[in-house]
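Following: one structure in structure tokens, then a few remarks.
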Amino acid sequence: MSSYNARRAKELKTAALRGRSVTAISQLGLLVKEDPSQFNSIVTVISHYVAHNPPPSATPENRQSSVETEDDPAFRLMIASLGALSTAIDYPASVQSETIEAHIERLAEHLYRISLWIKYLIVQFIDRGTFEEKQMRLQERYASLCSTLISRLFKQPSWLQSLIGYSGFVQTITRLLLRVLDPDLRHLDVPSIREPLDVVFETLQHSGESWKSLCAEVFQENPARTSLAILKPIMRSLEPGQLEQFSSLKALYLLARHFNVLFVGCNSSIFVHAFLIRHDTCRWISTFLSKLCYHLPSALQDNSKSSPFSAMLLYLSTTFINLSIDSFGYKVIIEMLCSEKTSTSWNRP
């Protein structure tokens, strides 16, 4: 089997390097996932299409037409290479740590250029408002690719620390998060994007302190937009006709994920936390907590599997209130809960 895989990897690598088809690159990724000993083949393709071809400067001011970029054959081969790499590093539990360590070292010299292409895709295709059908398809496709690839790279501490250290990388993935949470871009709020992105920011919160100021830099650019993006899913669960949110196992799981994003914002900076408090977050969370407690007995009776998620949401809700009291004082939080004045035009609970 090993000799067959070696021959097959060589064939696919040759076809990939000749630019014959993106299919060969995708198949190579699947082969390497099955047989990690062929990882060098993927690295060679990454070196050819990604590392040796840096993207244009990824800034909003010099965005190109998305359609033109998508129609470029070299660009499609680069996209296929990143997708194949993402597949190849989705390591099953059976892969030995020594093998993964060898892969980490082998890819290290190309990681910076990979990060540049990830940033370029986010800036060029995702971090922009658009409602054209083709553009929406590209946004969803590349958001899924970037989220999945980053989440798999972040699983390896060496790659994680390198990526965090690259200029602008954390800020760019924070902008990706805000776009995915944007109520006007609901086509991006899908499992293929949200689930790996949740993993990314869960991992980030346990990676030291350096990420906090970088995330906060983006969150503070438009505090109202940040607050709405973070709170909207929780606000939506309190709308009339949404009582199933408190009895559905899937809905409770999704709400728990939204709370994780809330804590990303609060933990990034005391100023971001303050903006959230100013925009009635304590009132919304308190109302959510009240509704959750009201529906909890029947939810537990109807579906015992929901118990862990209901308990988690109770914990997360009370933890947020306690964290807010610790940060700003009991008196301030009570005043925010009782005041009839508000700094936002959103509908209050």
At a Cα cut-off below 25 Å, give the lysines reachable from Lys232, other chains included and same-chain residues fewer than 8 away excluded. Lys212, Lys250, Lys291, Lys341
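Only helices at least 27 Å long along their axis, Cα-based, and averaging -0.5 or more on Kyte-Doolittle count here, so list those DSSP H runs from the chain. Working shown, then result.
Values: long enough: 133-154 (31 Å, -0.32); 249-268 (29 Å, 0.90); 281-302 (30 Å, 0.14); 307-328 (32 Å, 0.95).
Once both thresholds are applied, what remains is 133-154, 249-268, 281-302, 307-328.
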Per-residue HN-Hα couplings for segment 89-94, Karplus 6.51 cos²θ - 1.76 cosθ + 1.60 at θ = phi - 60°, whole Hz, x for Gly and Pro? 9, 7, 6, x, 4, 6
Note on the chain: the mean projected area of its alpha-carbon convex hull, in nm², is 19.6
222 nm [θ] for the chain, helices only, -39500 (n - 2.57) per DSSP H run of 4+, per residue, to 500? -22500 deg cm²/dmol
Calculate the spin-label point distance for Arg225 paired with Ala93, positioning each point 7 Å from the Cα along the beta-carbon direction, and give it in nanometres. 4.2
Sites Glu202 and Tyr330 - FRET efficiency at Förster radius 22 Å, r taken between beta-carbons, to 0.05: 0.15
Listed by chain and number, the lysines with an alpha carbon less than 17 angstrom from that of Lys13, same-chain partners under 8 positions apart left out, are Lys33
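So for Leu316, Leu176, fewest C-beta neighbours within 10 Å to most, what's the order?
Details: Leu316 20, Leu176 27.
Fewest to most other Cβ atoms nearby, the residues stand as Leu316, Leu176.
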Quarter of the surface of the C-alpha convex hull for segment 28-184, i.e. direction-averaged projected area in nm², equals 9.2
Share of pairwise Cα separations in segment 170-288, more than 21 Å, in percent: 35
Farthest toward the dipole's positive end in the chain, which of Gln139, Ser317, Gln220, given Cβ charges of +1 (Lys, Arg) and -1 (Asp, Glu) about the Cα centre? Gln139
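Explain nothing, just the number: dipole magnitude of the chain about its Cα centre with +1 on each Lys and Arg Cβ and -1 on each Asp and Glu Cβ, in debye rounded to the nearest 20.
Rounded to the nearest 20 debye, it is 280 debye.
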Please work out the FRET efficiency for the pair Ala274 and Ser3, using the Cβ-Cβ distance as r and a Förster radius of 45 Å; give the result to the nearest 0.05. 0.10
Cα-centre dipole for segment 189-279 with unit charges at Cβ (Lys and Arg positive, Asp and Glu negative), debye to 20: 180
Ranked Ile334, Ile150, criterion: other C-beta atoms within 10 Å, fewest first: Ile334, Ile150
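Each reported figure results from applying straightforward, stated rules to the coordinates on display, with no laboratory input. None of the values given here were measured: they were computed from a predicted structure. All Cβ positions, even for glycine, are placed from backbone atoms using ideal geometry, and neighbour counts span all protein chains on display.
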